[in-house]
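First up is the structure itself, then whatever we jot down about it.
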Amino acid sequence: MKSWISPSPFTLLLLLMTLLSPPTSLSLSMPSTSRYSRPTTAYQDQRPGTSGLRKKTKIWTEDSMYLNNLIQSYLNVLSTNSSPSSKPLSILLASDGRYHSVPSIAQISKICGANSDIVSTLHVPQNGVQSTPSCSSYIRSPKNDCSAAIILTASHNPGGPDADFGVKFNGARGEPVDEGFTEEVWEESKRLTTLNIVDDDDDDVTIDLNAEVGTTYKVGGCKVVIVDPYEAYVSTLEKFFDFELLKDYASKGNRILFDGMHGAGGPFGRRVLGDILGFKDDCFMRCDTREDFGGCHPDPNLTYGKELVERMGLDGKGRKTGKGEDFKLGAANDGDGDRNLICGKGVFVTPSDSLAVIADRWEDISSNGPLKGVARSMPSSAAVDVVAEKKGVRNFVTPTGWKFFGNLMDSEVLGGENFNPFLCGEESFGTGSSHIREKDGLWAVLAWLSILARSPSLTVEDVVNQHWEKYGRHYYARYDYEECGSDGANKMMENLRGMIGKALPKDGGDYELNKIESFSYTDPVTKEVTANQGMILSFLVKDSPARAVFRLSGTGSAGATVRMYLEKYDGENFGGNSQEELKGLGEKAAEIADLERFTGRKEPTVIT
Ligand code: VG1
Ligand code: CO
């Protein structure tokens, strides 16, 4: 079709760049606009986990139908759920830049092009890369007239041919899709017999991901437009924070160290912290997006954020080394920019403490009025609960996964009470608020910067110490036992469940187990019940409350990951090291769960 964009003279160069760098260009064949229906064989294993579907990259690369089926199932469910008047939809299609993103953007364009009764327009960010929080912000901005997002990411999981690839879906409110929607997509994928895809014939046409914003292409019956990934997100952040205050802080020579882990958060960190707020080049590391994240595991924690942590004067256990450079704040984001790590010189702030400090100092941070509601995931520490109680704001404890927070933020829209401005977080380095419907790595960095800029004489260490003096300290650590056999891990959980209501083991030692329960959640907004969300073992350690939580991960791509979360409250001694303080509790909990017998593991693979 002659009206379609023909290949630019730079196509070959762009294709070469594609092989070496993050998404730059993709090649498509352009047939007519009619629908192309093809038989397909359903897959039974496309059940999305805690946030989207993640699998080994080879599963996606060796069989292109795997992605085709998933996307067709998603579109079918989206179509059934949206009102006839709102169809066809505009959808944002973005990636975190990981390996296999470029061909997947091409493939998905071809599916959408053949489903133009469901999708009329695809919005693709310039360069193909957009962080998850920015995607949420983009589709919530009325100006963009875009009502859902497909994000190609396996989040904090590593990328590359031998690592992981995945897809996250966002719904029409810019939120991670809920349990019900996810289940529907899975059900649809199990019975899918046909899908629509534009064929690979006719002329080759290049969609240049580096093309100017506003450039449009036609794929089948669908329009593809190259969009600016920054504008909506930056304006959301500008409305939330006092940017003038932050600029002033940067202009006075205060330095921070931001680690983008070669993920999607890197360019967004550079744009906001560098270009807009004025932090200099030496404040950034690993901020260029790479398809294998530079070989690193883009998970911002003490283990994988090693270089950042060292430069901030900390060791792998979060202890002060006495060395390090002169930075006021250290921070990292994960592969898709929704997680954050926060530290100061010689001090690591656990995500649960970070959430509590942000809640306590909300008025220093937000220009959007007082805090109305806070929430944390159940395995996160209770540090924020004591702040919420003192401040008299509503407090919720939800299952793991951001979609539960989204419902609370949308409570008013869904016919309930208004809890916004709302703050929420997870122990897994996730923090966010009602400014969007996803966790937001950069938002957390700006929140901490605001705290420091408001009281420039304080260090991060001062802020944390003042917090503990006011509220006491919740020592916290998480042990991960990765890639265990699924059978053994499931049996261990069953065995723990079997202890509910039975006589508890008592050995007269320091750790007195006084309750075992299984966490179940009734959503106060949707009234949905989500059961079996982890086993909680409550202890008394010399009269202080402590607990261990066991749950299985929903984001792994192979085998089962057992997570053991440990927490102990101390109202007097704040100076200890979390991992050392909790070692004994960890041993005791593992013994009660009979972890070694069920999983064959003596030691965790990662402690955070
Ligand atoms: C993990 C975290 C959870 C987080 C989820 C998605 O899930 O524990 O708190 O919401 O990852 O984060 P699980 O089921 O493996 O424990 V992200 O940054 O990977 O979207
Ligand atoms: Co993530």
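To keep it simple, each residue is scored yes or no on (1) outside any strand (DSSP E or B); (2) farther than 30 Å from Ile118 by Cα; (3) not assigned by TED's automatic domain parsing to the domain that holds Ser134.
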position	(1), (2), (3)
Tyr217	no, no, no
Val225	no, no, no
Leu237	yes, yes, yes
Leu245	yes, yes, yes
Asp248	yes, yes, yes
Asn254	yes, yes, yes
Phe258	no, yes, yes
His262	yes, yes, yes
Filtering segment 582-608 down to residues that are open to solvent by 60 Å² or more (accessible area, probe 1.4 Å), in contact with a Lys or Arg (Cβ under 8 Å, 6 or more places away or on another chain) and closer than 30 Å to Glu469 by Cβ yields none
Evaluate the following for Ser538: is it away from ligand 1 (no atom under 16 Å from the Cβ), more than 16 Å from Arg478 (Cβ to Cβ) and surrounded by 15 or more Cβ atoms within 10 Å (Cβ to Cβ)? yes
Residue that is under 22 Å from Ser557 (Cβ atoms) and within 16 Å of ligand 1 (Cβ to nearest atom), where the choices are Asp96, Asp63: Asp96
Qualifying strands (runs of 3 or more DSSP E) (wholly inside segment 104-177; at least 1 residues being open to solvent by 10 Å² or more (accessible area, probe 1.4 Å) and away from ligand 2 (no atom under 16 Å from the Cβ)): 119-125
If the requirement is being outside the structural domain of Asn418 (by TED's automatic domain parsing), open to solvent by less than 40 Å² (accessible area, probe 1.4 Å) and without any contact (Cβ under 8 Å) to a residue 12 or more places away in the chain, which of these qualifies: Gly508, Gly498? Gly498
Check on Phe327, assigned to a strand (DSSP E or B) and away from ligand 1 (no atom under 14 Å from the Cβ): no
With respect to Val272, determine if the residue is under 16 Å from Trp448 (Cα atoms), open to solvent by less than 40 Å² (accessible area, probe 1.4 Å) and not in a loop (DSSP other than H, G, I, E, B). yes
Any idea which of Val386, Val397 is among the β-branched types (Val, Ile, Thr), out of contact with any helix residue (DSSP H, G or I) (no Cβ under 7 Å at 6 or more places or on another chain) and more than 25 Å from Leu329 (Cα to Cα)? Val397
Segment 543-559, residues that are under 21 Å from Glu483 (Cβ atoms) and either outside any strand (DSSP E or B) or at pLDDT below 95 (or both): Ser553, Gly554, Thr555, Gly556, Ser557, Ala558, Gly559
Of the criteria (1) loosely packed, with under 14 Cβ neighbours inside 10 Å; (2) over 30 Å from Gly253 (Cβ atoms), which one Tyr471 fails: (1)
Under 6 Å by Cβ, and 6 or more places apart or on different chains, what pairs join a residue from segment 181-200 that is among the charged types (D, E, K, R) with one that is open to solvent by less than 20 Å² (accessible area, probe 1.4 Å)? Glu184/Val77; Glu188/Ser73; Glu188/Val77; Asp199/Pro31; Asp200/Ser29
Which listed residue, of Ser486, Ser434, is more than 30 Å from Pro267 (Cα to Cα) and open to solvent by 20 Å² or more (accessible area, probe 1.4 Å): Ser486
Any residue in segment 88-109 that is closer than 19 Å to Ser120 by Cβ and in the same structural domain as Val225 (by TED's automatic domain parsing) sitting within a Cβ distance under 7 Å of a residue that is open to solvent by 10 Å² or more (accessible area, probe 1.4 Å) and acidic (Asp, Glu)? List the pairs, counting only those 6 or more apart or interchain. Pro88/Asp117; Ser90/Asp145
Residue list for segment 84-99, filter: farther than 18 Å from Ile436 by Cβ and either β-branched (Val, Ile, Thr) or open to solvent by 30 Å² or more (accessible area, probe 1.4 Å) (or both): Pro84, Ser85, Ser86, Lys87, Pro88, Tyr99
Leading residue by the ranking (nearest to ligand 1 (Cβ to nearest atom)) among those in segment 393-425 that are under 14 Å from Ile358 (Cα atoms) and touching a Lys or Arg at 6+ places or on another chain (Cβ under 7 Å): Gly425
Working only within segment 310-339, note down all residues that are away from ligand 2 (no atom under 15 Å from the Cβ) and within 12 Å of Met285 (Cα to Cα). Arg311, Gly330
Can you name the residue in segment 519-535 that is of a type in the set (Val, Ile, Thr) and assigned to a loop (DSSP other than H, G, I, E, B) and, of all such residues, is surrounded by the most Cβ atoms within 10 Å (Cβ to Cβ)? Val525
Might you let me know whether segment 518-537 holds any residue that is in contact with a helix residue (DSSP H, G or I) (Cβ under 8 Å, 6 or more places away or on another chain), hydrophobic (A, V, I, L, M, F, W, C) and more than 30 Å from Phe574 (Cβ to Cβ)? yes
Taking the condition at pLDDT 95 or above and either closer than 30 Å to Ile151 by Cα or surrounded by fewer than 21 Cβ atoms within 10 Å (Cβ to Cβ) (or both), does Leu302 pass? no
Checking the structure you have, find out if any residue of segment 158-175 is of a type in the set (A, V, I, L, M), at pLDDT below 95 and not assigned by TED's automatic domain parsing to the domain that holds Leu442. yes
Residue list for segment 438-464, restricted to those being open to solvent by 10 Å² or more (accessible area, probe 1.4 Å) and either under 22 Å from the mean Cα position of the chain (by Cα) or free of Cβ contacts under 8 Å to residues at least 24 places away in the same chain (or both): Lys439, Ser457, Leu458, Asp462
Strands (runs of 3 or more DSSP E) contained entirely in segment 332-412, each with at least 3 residues that are open to solvent by 10 Å² or more (accessible area, probe 1.4 Å): 394-398
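The values are calculated or read from the model by the stated rules, or taken from the named source; none is laboratory data. Keep in mind that this is a model prediction, so the values were computed, not measured. Note that each Cβ is placed from the backbone with ideal geometry, even for glycine, and that neighbours are counted across all protein chains shown. Just so you know, the surface numbers come from the protein's heavy atoms only, side chains and all, with ligands and any DNA or RNA stripped out. Shrake-Rupley method; radii C 1.70, N 1.55, O 1.52, S 1.80 Å.
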